[in-house]
1. Where residues in segment 70-102 are surrounded by 10 or more Cβ atoms within 10 Å (Cβ to Cβ) and not aliphatic (A, V, I, L, M), which of them is farthest from K23 (Cα to Cα)?
2. Checking the condition assigned to a strand (DSSP E or B), under 25 Å from G7 (Cα atoms) and free of Cβ contacts under 8 Å to residues at least 24 places away in the same chain, which residue from L52, L68 passes?
3. Which of (1) exposed (fewer than 11 other Cβ atoms within 10 Å of the Cβ); (2) under 22 Å from T2 (Cβ atoms); (3) not aromatic (F, W, Y) is the odd one out, the single condition R30 does not satisfy?
4. Touching a strand residue (DSSP E or B) at 6+ places or on another chain (Cβ under 6 Å) and at pLDDT below 95, is that true of T4?
5. Can you name every residue in segment 33-69 that is touching a helix residue (DSSP H, G or I) at 6+ places or on another chain (Cβ under 7 Å), closer than 16 Å to D12 by Cβ and either β-branched (V, I, T) or open to solvent by 40 Å² or more (accessible area, probe 1.4 Å) (or both)?
6. Can you name every residue in segment 12-37 that is assigned to a loop (DSSP other than H, G, I, E, B), among the small types (G, A, S) and under 13 Å from V54 (Cα atoms)?
Amino acid sequence: ATDTRGGHAPADVKSDNRTIEVKAFGLSARGNDLWLETRQVDEARTNDRFHLYVVDNVRQGNPAAFRLIDLHGDVLARLLERARPQTYVTVSFPSGAYDAAVAGGQ
């Protein structure tokens, strides 16, 4: 397996037989949205070896209590049928601006 994070790959891990995107949740992922990039959705729709690993309960810190849910194939395809494209803007909030806002009571 190869770590493909930080590149332009559509997922976090590439292995001989899987393309894997990993999403972690501090608590349970149950009932929450899964945030995927457009290229990840496109890859999932066209690559039958694409797997979405949802890891939840990570905030508590004990890896033995983490839950891994492997979404792929027909299950993932059915979830993607209900995908809703979203648009958002990322605004940088550097440490200096954060510290100034806190110090100024804002």
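The values are calculated or read from the model by the stated rules, or taken from the named source; none is laboratory data. This structure is a prediction, so every number in the text was calculated from the model and none was measured. Positions of Cβ are generated from backbone atoms using ideal geometry, with glycine treated the same way; all protein chains shown enter the neighbour counts. These accessible areas exclude ligands, DNA and RNA; they are computed on the full protein's heavy atoms, side chains included. Shrake-Rupley method; radii C 1.70, N 1.55, O 1.52, S 1.80 Å.
1. If we filter segment 70-102 for residues that are surrounded by 10 or more Cβ atoms within 10 Å (Cβ to Cβ), which is where we start, we get 70-73, 75-80, 83, 97-101.
Subset that is not aliphatic (A, V, I, L, M): 70, 72-73, 78, 98-99.
Numbers: D70: 11, H72: 14, G73: 17, R78: 18, Y98: 27, D99: 30 Å.
Out of the qualifying residues, it is D99.
2. On the way: L52 fails: free of Cβ contacts under 8 Å to residues at least 24 places away in the same chain.
One residue alone meets the criteria, L68.
3. Unmet condition: (2).
4. Values: touching a strand residue (DSSP E or B) at 6+ places or on another chain (Cβ under 6 Å): yes; at pLDDT below 95: yes.
Yes: the conditions hold for T4.
5. Listed by number, the list holds a single entry, V41.
6. Pass one, segment 12-37, residues assigned to a loop (DSSP other than H, G, I, E, B): 12, 15-18, 25-37.
From the residues that got through so far, the ones that are among the small types (G, A, S) too are 15, 26, 28-29, 31.
Selection gives G26, S28, A29, G31.
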